[in-house]
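Everything on this sheet refers to the single structure shown next.
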Amino acid sequence: MWAGFVVFVLVMLALDLFVFGGNKAHKVKVKEAAIWSGVWVSLALLFNFGLWWYLNGTVGREIADQKALEFFSGYLIEKALSVDNVFVFLLIFTAFQVPQQYQRRVLLYGVLGAIVMRAIMIMAGAWVVSEFSWVLYVFGAFLLITGLRMLVAVDAKPDVENNPVLKLARRYLKVADGDHGERFVVVKNGVRYVTPLFLVLLLIEATDLVFAVDSIPAIFAITTDPFIVFTSNLFAILGLRALYFLLVDVADRFHLLKYGLAMVLAFIGAKMLIMPWYHLPVQASLMVVAFLIASSCFASVWVTRQKK
């Protein structure tokens, strides 16, 4: 199953790069983004059905139902938390004035880097949890504090120009001025320079690393099965680029969604902390998370509609 999923990911990335023009600069329209979002969500649901069908025939209906529900819950949480990435990505692209036709290539390489980072973090997290079960309570406290902090500072915008990663890159790398299209590296007079677009890519990767610190512990609250954690996480990441271009023009209409995401993190953290006394079923967790996300989306649309 591990080998099959890794092959599937590699094949999809190869198709995106060399068949569907993922490595070529062009402006992604809403229709294209909607189609690709539908494709990735459909593939995730088909994978979940295939996982259920396989387990149902090998280990029984009860385990199959449990694992399929864990995957769907984890996927929903990761998909919801990835929306927060979209807001930050939009802020970074706006700060650097990156044309939309170049954003697709940056996000493609950002996704490739995110897959590698997530795989390492998930494997490390699964090993730590299996060896030291008390780490789950550390994860719970961290998520609860993070969720409460997000509620307090939900409207605060990150200072892109003073980002430590950006400062470090400008200190040790030679940065070429001006517009160099979609290239990350250029050569001038025999000297290799990185372009401002490369700095944007570094910020995208750093941003995903920060979000992974929140999202990976969150899914361990649903399941400690590394295969479920890995697959649900990667399906959310693979659909992130399409989700960005789908929401980029209407991101301001979902400004209250951050409150919902903060409450999701706080809820999951609290769920992990009370595990010694009460184990909340996966079905109940799924219903709470879905309600928080749906209600914050509805409230966002309603408030913006009233303002108009």
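When Glu78, Glu32 are checked against the criterion of being open to solvent by less than 30 Å² (accessible area, probe 1.4 Å) and in contact (Cβ under 8 Å) with a residue 12 or more places away in the chain, Glu78 stands alone in meeting it. Of the set (1) assigned to a helix (DSSP H, G or I); (2) without any contact (Cβ under 8 Å) to a residue 12 or more places away in the chain; (3) not aliphatic (A, V, I, L, M), all apply to Gln97 but (1).
Within segment 271-279, is there a residue that is closer than 26 Å to Trp52 by Cβ and within 15 Å of the chain's Cα centre (by Cα)? No, there is no match, as no residue in segment 271-279 is closer than 26 Å to Trp52 by Cβ and within 15 Å of the chain's Cα centre (by Cα).
The number of residues in segment 283-305 being surrounded by 18 or more Cβ atoms within 10 Å (Cβ to Cβ) and either more than 19 Å from the chain's Cα centre (by Cα) or of a type outside the set (Ser, Thr, Tyr) (or both) comes to 6. Checked against the criterion of being open to solvent by 50 Å² or more (accessible area, probe 1.4 Å), within 20 Å of the chain's Cα centre (by Cα) and either modelled with pLDDT of 80 or more or of a type in the set (S, T, N, Q) (or both), segment 182-202 contains one or more residues that satisfy it. Within segment 168-179, the residues that satisfy the criterion of being surrounded by fewer than 17 Cβ atoms within 10 Å (Cβ to Cβ) and within 23 Å of Tyr102 (Cα to Cα) are Arg170, Leu173, Lys174, Val175, Asp177, Gly178, Asp179. The number of residues in segment 26-41 that are of a type in the set (Gly, Ala, Ser) and farther than 10 Å from Gly239 by Cβ comes to 2.
The values are calculated or read from the model by the stated rules, or taken from the named source; none is laboratory data. All figures in this text were calculated on a predicted structure; none of them were measured in a lab. Glycine also receives a Cβ, built like all others from the backbone with ideal geometry; neighbour counts cover every protein chain displayed. Ligands, DNA and RNA are excluded from the accessible area calculation, which covers all protein heavy atoms including side chains. Shrake-Rupley method; radii C 1.70, N 1.55, O 1.52, S 1.80 Å.
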